[in-house]
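Following: one structure in structure tokens, then a few remarks.
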Amino acid sequence: RRLIPFFQPILDVQAGVVVGYEVLSRIEVDGEVMRADEFVEIAEKIGVIHRLDCLVIELALQKLAADGHDGYIFLNLSPRAMVLNEFARSLRQIVVDSGIPPERIVFEITERDTVKNLALMERFLNDLKFDGFKLAIDDFGSGFSSFHYLRRFPVDFLKVEGDFVVNILHSTKDRAFVQSMQSLAHELGIQVIAEFVETGEVLDELKRMGMDMAQGYYIGRPDREIRKPA
């Protein structure tokens, strides 16, 4: 229970207001805070990732509900946890206990994750969608699974891989990639979130491009407190 949820704001680019937070897992060890990429792989290997996922979701929803947050809540899910029936039951109970409506909760899956049983994952995600939850694909464009995921899963949000976003002012190729991902998503009725937004100039360009939402250090760094940008 040394797990700590951190919160990073997500901005509606056109309206200029925070409409959600992504919940990020951190663990405090001997006064040092470890990022998720430093412990998630170990947790998956020893078979406790579903317990960590449930715990951080429970803590985050409690805090967001107490703070009166009424926007979206983006939660990362490990594919290894998704295929466990025990995890699905626990997840639903945690959300019921929090009092937060399922339609405000967005589960993120990343295409970097390898999933052996895609059909099982598809069934799990369709069940979540049936219950009212929303789904996002994270790091879109980072691998080769992107279009398979778009075809198979009931996606509501697409988060563009940040490596493309950071260079849109200086690389015509990266700008074209971001523009084409955005056009494809909008054609499918999916909202788009640009990641790694680190300067005001990039945010202004995204606004000109018609981007829906943005996330990154310029908008707000991950923090254990729920802070809205000034």
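The values are calculated or read from the model by the stated rules, or taken from the named source; none is laboratory data. Since the structure is predicted, the reported quantities are computational estimates derived from the model, not experimental observations. Counting neighbours? That spans all protein chains shown, and the Cβs are built from the backbone with ideal geometry, glycine included. The protein model used for the area step is the full one, side chains on, heavy atoms only, and it has no ligands, DNA or RNA in it. Shrake-Rupley method; radii C 1.70, N 1.55, O 1.52, S 1.80 Å.
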- request: With all protein chains present, calculate the accessible area of Arg224 using a 1.4 Å probe and round the result to the nearest 10 Å².
  value: 90 Å²
query: Structure shown: which of Lys63/Lys159; Lys134/Lys159; Lys207/Lys228 lie over 21 Å apart, alpha-carbon to alpha-carbon?
result: Lys63/Lys159
- prompt: If you stretched the chain out fully between Lys228 and His148, how much longer would it get, using 0.36 nm times the residue separation minus the C-alpha to C-alpha distance?
  reply: 25.3 nm
query: Cα axis of helix 118-130 to longest principal axis of the chain: angle in degrees, 0 to 90, nearest 10?
result: 90 degrees
Crossing angle, helix 172-187 versus the chain [Cα axis fit, 0-90 degrees, rounded to tens]: 60 degrees
field: Cubic angstrom per residue, convex hull over Cα atoms of segment 15-101
entry: 129 Å³
- request: Between Val17 and Ala66, with labels modelled 7 Å along Cα→Cβ, what's the label distance in nm to one decimal, could you check?
  value: 2.6 nm
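Per the 1.4 Å probe, what fraction of the accessible area of the chain, in percent, lies on carbon and sulfur atoms? Intermediate values should be presented prior to the final figure.
On the way: 5860 of 11790 Å².
Answer for the chain is 50 percent, counting heavy atoms of protein chains only.
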- request: Would you mind working out the accessible area per residue for the chain, using a 1.4 Å probe, and quoting it in Å²?
  value: 51 Å²
query: Contour minus end-to-end for Leu169 and Gln93, with contour as 0.36 nm per residue of separation and end-to-end as the Cα-Cα distance?
result: 22.9 nm
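Run the numbers for Glu198 and Tyr217: contour at 0.36 nm per residue of separation, minus the present Cα-Cα distance, in nm.
Details: separation 19, 0.36 × 19 = 6.84 nm, distance 0.52 nm.
Length gained, Glu198 through Tyr217: 6.3 nm.
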query: Taking the Cα centre of the chain as the origin and placing charges on Cβ (Lys, Arg +1; Asp, Glu -1), which of Ile105, Ile4, Gln215 is farthest toward the positive end of the dipole?
result: Ile105
